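Everything on this sheet refers to the single structure shown next.
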Amino acid sequence: MSEKSKVAIVKGRMPPDRTEIDRMVREAVNLTGGLKGKIKRGDHVAIKPNLFAPYPPPISVDRRVIASMVTMAREAGAGRVTVIEGVSVGTLMKRVRPSMTTCGMSRGFKTSEVMRILGITKAVEEAGGEVMGVEDAEKVEVNVNGGMALHRVNYPKVVLDADYFINMPAMKTHTMTMVTLSIKNLQGLLDERGRYYSHRDDLQQHMVDISKIRKPDLVLLDGLLGMEGMGAGEGGTAVEMGVIMASTDTVAMDSIASMCMGIDNPLVVSTTRLAGHDGLGTSNPFLIEVVGETIASVRKQFLLPATYTLPIDSLVTGLYPNIDIYIGGACSACWLMAALAEGLLAKVPQRVSLIVGVDPKIPPQLKTDLAHTFFLGECALATGGDLLELRNAMQLAGYDRFLAGCPPYEQSLVKLEDILIGMGYLKPDELVEKAAKHREEFFNYYRKYDPTWEPEYETP
Ligand code: SF4
């Protein structure tokens, strides 16, 4: 009989210092068999941490956990250790820097900046490694063998060529995938276009297919601080977990980690279920051996995102007195983006119409004028008949209120912000202030855990 997949759980003292983190990382990796004989002298090791945004844990992986892993790899004989990541689309396109005075596309942060701000670059280099942003990495076009939703992608050569590959996720809930653990973490290896286009209803299968390109040899999960609620960014809330987990089986890791987050049946997480189905590892928790701590001894009941606990229409329709929403057949991605667009449109003092999805029905006369009518997503933009007439009338009148894309993802929200700024309903200052508030909340929270940390921002 073949051996069961193992997942190691190591609990530590909170808040942890570097020595405690080092101990936890070593213990977790050693409980899964260690690195001896796996990393050979002179090998090249690639590490992919979750660095979602220019915010510290729980939004991004702790730099000290990454540094401990780099040190371990070097001690095992690695000649070169590369820490590679591509930040989220929202970070590239729309997160706001302290010095921002104007809006516009691509105002966000590159991965290399996020690594510097979080202190990752310094910590990795001191531990004997190097950092690389996916935007700056050499990419090769690869076929995804066995890919269901993903068939050909640009992928960083440095990961393909590495002798040993370590996936280093955080432990967070996610509005579009319920949780983001090791399978979802690999999305950051796609180039910017790949990251953008994967956010549709087939997102989960996309994520699973990425693991088919280069299966990680080891997963090391930073569960010191987890995130619950409307993750995986500023909408979520920190949960003190105090664990580091390790496994050589990506799917087994996600199965057990989601149970530690209070999800009793880990197969409700689509990425875990699909990855098990596609033969990438063991998803059934009864077939997985948990070593170190037990699940029960670390388990906390994470609040799931409202997108998984409430009917999606309750987050979108009938919420704001000034918004009339006309929604046809729409994927969950368009429902979610409609909810986010409404958050911005709610600031408009006048009535607005938002038109979304395949073939939405509109009355002969909208309650809004052309200037206050918005289309969201390719489906709404491709619908003919009355909607085509309406779009023609808007274009003739000079109103570009068309938020394109499938899905109409972060770039649509950036465009909407720009439109509202142009209409005088939103000021760049408001965006800067909102970002500053989030930044201070997360920075202050994290400083309690790591008093040695300060962000390396540019001078505003
Ligand atoms: S534009 Fe259409 S296909 Fe694309 S995410 Fe929206 S509803 Fe789905």
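Every read-out reported here was derived from the displayed coordinates using simple, explicitly stated rules and does not represent laboratory data. Values in this document were obtained by computation on a predicted structure and should not be read as measured data. For neighbour counting, all protein chains shown are included, and Cβ atoms are generated from backbone atoms with ideal geometry for every residue, glycine included.
At-a-glance table
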| quantity | calculated |
| --- | --- |
| Region 126-229: C-alpha gyration tensor shape, a/c 1.5 cut-off, then a/b vs b/c | oblate |
| Cα centre as origin, Lys/Arg/Asp/Glu Cβ charges: the chain dipole, Debye | 520 |
| About the Cα centre, charge dipole magnitude for region 310-426 (Lys/Arg +1, Asp/Glu -1 at Cβ), debye | 180 |
| Those residues of region 54-93 whose amide nitrogen sits under 16 Å from the label point placed on Arg41, 7 Å along Cα→Cβ | 74-80 |
| Overall form of region 5-307 per C-alpha gyration tensor (a/c, 1.5; a/b vs b/c) | rounded |
| On Cα atoms only, tilt of 332-345 relative to the major axis of the chain in degrees | 60 |
| Residue pairs, from the table Lys94/Lys427; Lys367/Lys427; Lys48/Lys215; Lys40/Lys184; Lys11/Lys122, whose Cα atoms sit over 18 Å apart | Lys367/Lys427; Lys40/Lys184; Lys11/Lys122 |
| Computed over the chain: relative contact order in percent, which uses C-alpha pairs under 8 Å that are six or more apart | 18 |
| The chain, helix-only ellipticity at 222 nm - DSSP H runs n ≥ 4, -39,500 (n - 2.57), divided by all residues, nearest 500 | -10000 deg cm²/dmol |
| Cα centroid separation - region 1-76 against region 118-137, whole Å | 16 |
| Between 0 and 90°, nearest 10: helix 428-449 axis offset from the chain longest Cα axis | 20 |
| Anchor Lys361: aspartates and glutamates whose Cα lies under 14 Å away (excluding residues fewer than 8 positions away in-chain) | Asp324, Asp386, Glu389 |
| Dipole-positive endmost among Val208, Met230, Ala8 within the chain (Cβ charges, Cα centre) | Ala8 |
| Total charge dipole magnitude, region 342-384, about the Cα centre, Cβ charges on Lys, Arg, Asp, Glu only, Debye to nearest 20 | 200 |
| Degrees separating the helix 410-422 axis from the principal Cα axis of the chain, which is the longest one | 40 |
| GluC sites (Glu not before Pro) restricted to region 366-460 and DSSP loop, no more than 12 other C-beta within 10 Å | Glu458 |
| Set of aspartates and glutamates with alpha-carbon distance to Lys300 below 13 Å, sequence-local pairs under 8 removed | Glu228, Glu240, Asp264 |
| Shape category assigned to region 310-426 from the gyration tensor of Cα positions, a/c cut at 1.5 | rounded |
| Cα lying deepest toward the dipole's positive end in the chain, options Ile355, Ala127, Tyr55, charges on Cβ | Ala127 |
| Aspartates and glutamates whose Cα lies under 16 Å from that of Lys437, excluding same-chain neighbours fewer than 8 positions away | Glu234, Asp429 |
